[in-house]
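Some notes on the structure that comes next.
Computed from the coordinates by the stated procedures, all read-outs in this text should not be read as laboratory data. Computed from a prediction, not measured in an experiment: that's the story for all the values here. Cβ: placed from backbone, ideal geometry, glycine included. Neighbour counts: every protein chain shown.
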Amino acid sequence: MNIGKGTAMDSDIQGLLDRAVQTPDAVSDESAWIEVIQRMDSIYADIVRYQVELEEKNAGLEEAHQFIQSVISSMTDVLIVADTQGQIQQVNRALEALIGRPADDIIGQPLGALFMPEYVAMVEDFAEHIRGDVITDCEVELRAPDGERAPIAINCTPRYDHLGRLSGLVITGRPLGELRRAYTDLKETHDRLKTAQQQLVQSEKLASLGQLVAGVAHELNNPISFVFGNMHALKRYEQRLGDYLSAIHGSISDSEREDLRKALKIDRLLQDIGPLIDGSLEGAERVGEIVEDLRRFSTPSQQQCQAFDLGRVVTTAAEWVIKARRTRPDLEISMPPEISVVGYEGYVHQILVNLIQNAADALEGIAAARIDIQVDVSDQQVRIQVRDNGRGIAEDQLLRVFDPFYTTKAVGKGTGLGLYISYNLATEQCRGRLEAFNHSDGGAVFCLTLPLEIPA
């Protein structure tokens, strides 16, 4: 209720009463009393309205109080409210449970009564320090039941009244034991996730190797079959040469020896032996090259930074992927005749295999499927573009293609790690860039940019 206004209304009523008493005539007297009654009715109505407003405000304040109390009671963090002198005014249930003391026993006590002796002076100084700054992540120890220590990390902030004046401080804190348990749980979860990620990375590598086995087998089969064929021919020639030499050491005439030489086709045999041996050596060398390429691919981490022929790596990676496909897309490779790069051959080979494999997968069900590989050299950099003529990549997916575990393939068809691994190898190991975009004529393009020589 407005007191000033109420006093003014009382003065008005008193004036009307004085006028009514002093009025000599009856008519005027009656009108004066009527005016007094009307004025009193108006004042009573104001009083009723003020009373209703006051009750509504009190109800709102009570509701706000109950809400604040429920929030404070439900807090798992410790809460301590003190005045500017460091006297405790309010605590929550979390503090009661932690130190084993009821609120009634705590309120009115100095802050230092809650803490271990070595922290009392520091805590009692909070009221002075809080005027200048907020105290954060201060590790102290509460006096727990039976004299035990309860480590806690606290934050202290100032509290102001409705006029903006400092009226006290608010301390919140979380037991360090809980924080340590949370950290331990988080670390264990992180370790499990890391282990799972490593397993998935290994699975991705095994899946890639499984897809390439057919291509490698085809590459090995040709020279091995050629060597086997040559060995069988040399075996037959060995038998004929043995028969001829045995006959020579026997007692046969010159004419018989000549007839035998023609019958066994010794002259032709001697002409064939050299090419057969050369072809076998060539096939064995090719097998050795394929095995060496496979070793470099499977153990890239053991590679040294050294010069290598990029053209050979591009060609080998493409052949491995294409020959492993049941349906093989047309392949076109355009590049300079000699490209010497100083870097990690195994990493580059793995990146290219992943990019070409990804392009081939994107061409499933595409008529006249085609993969174009363009290699250009300029400004001490080499740029390798792998382009397919598929459906391209949706714009919302372009930003995520290098994210770990992101894949648009059906379940069981990919882990979403191939491009992620390739991106990391390109940027972190090879000091280059890996980008993806859609070609203006259709299809997706993956562009690998590498320095011609990795800086020391």
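Figures for the structure shown
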quantity: For segment 358-372 versus segment 260-283, the gap between their alpha-carbon centres in whole angstrom; calculated: 46
quantity: Cleavage-rule hits (trypsin sites (Lys or Arg not before Pro)) in segment 315-349: DSSP loop, at most 13 neighbouring Cβ within 10 angstrom; calculated: 326
quantity: Additional length obtainable on full extension of the chain from residue 93 to residue 62, 0.36 nm per residue less Cα span; calculated: 9.1 nm
quantity: Cβ-defined net charge surrounding residue 143, 12 Å radius [Lys, Arg +1; Asp, Glu -1]; calculated: -2
quantity: Potential extension, residue 176-residue 189 segment - 0.36 nm per residue separation minus Cα distance; calculated: 2.7 nm
quantity: Nearest-0.05 FRET efficiency for residue 159 and residue 50, computed from C-beta distance (R0 35 Å); calculated: 0.65
quantity: Sparse-neighbourhood loop sites, GluC sites (Glu not before Pro) in segment 316-358 - DSSP loop, at most 11 other Cβ within 10 angstrom; calculated: 338
quantity: In segment 115-160, trypsin sites (Lys or Arg not before Pro) in a DSSP loop with at most 16 other beta-carbon atoms within 10 Å; calculated: 131
quantity: Förster radius 45 Å - calculated FRET efficiency between residue 342 and residue 196, Cβ distance, rounded to 0.05; calculated: 0.80
quantity: Residue 327-residue 394 FRET efficiency (beta carbon distance; Förster radius 35 Å; 0.05 resolution); calculated: 0.90
quantity: Extension reserve of the residue 231-residue 424 stretch, reckoned as 0.36 nm per residue once the Cα distance is removed; calculated: 64.8 nm
